[in-house]
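Shown next, in structure tokens, is the structure this report addresses.
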Amino acid sequence: MSTNYLWSTLTNKCPRCREGALFTSKNPYDLSNVTKMNEHCPVCGQPTEIEVGFYYGTGYVSYALTVAYFVATFVAWKVLIGMTFDMDDNRIFYWMGTAIVLLLFIQPLLMRLSRSIWLGWFVPFNKNWKTEPLEYNERMNETLKEQ
């Protein structure tokens, strides 16, 4: 049974079959293995690193997620607590401190989510993955991994 794109991305599932786990450890707070991925999807065999240096682009995704996080927390703080931008109001510093501390705690989740989003942009879902074999992609070059 396949799930939708959003759910499979949020749960770090393979974008091709939407069933296999992308990461070797289910716990994102296992910090020694936070970004360690299976070489291939355990269900459909899709390679997770489709070219050398493929995940360098996740920095852009992670940056966008972090900006969205800061905007969302700022709006929530402004609505719930209220802030003004005058010299006597220092509540913005409380928001910044709280947002930064929370960001440190959710960073492993954001790192995994950015990898899942990035891979999902390049590997399309195939509802017939059981009957249709993996297509060879010129980026899946085994000799480049050895260099």
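Structure notes:
- Cβ crowding within 10 Å averaged over residues, with 108-114, 6-12, 91-97 ranked highest first: 108-114, 6-12, 91-97
- The dipole here belongs to segment 1-65: it is taken about the Cα centre, uses +1 on the Cβ of Lys and Arg and -1 on the Cβ of Asp and Glu, and is about 180 debye.
- With both labels modelled 7 Å from their Cα along Cα-to-Cβ, the Phe125 to Phe74 distance reads 3.3 nm.
- P(r) histogram, all alpha-carbon pairs of the chain included - 5 Å bins from 0, percent: 2, 9, 15, 18, 16, 12, 9, 7, 5, 4, 3, 1, 0, 0
- Carbon/sulfur fraction of accessible area - segment 9-54, other protein chains in place, 1.4 Å, %: 48
- Shown for segment 1-134: lysine pairs separated by 8 or more places, or found on different chains, whose C-alpha atoms are under 30 Å apart, numbering 9.
The values are calculated or read from the model by the stated rules, or taken from the named source; none is laboratory data. What you are looking at is a predicted structure, and each value in this text was computed from that prediction instead of being measured. Ideal geometry is used to build each Cβ from the backbone, glycine not excepted, and the neighbour counts take in all protein chains shown. All accessible areas refer to the heavy atoms of the entire protein, side chains included, with ligands and DNA or RNA removed. Shrake-Rupley method; radii C 1.70, N 1.55, O 1.52, S 1.80 Å.
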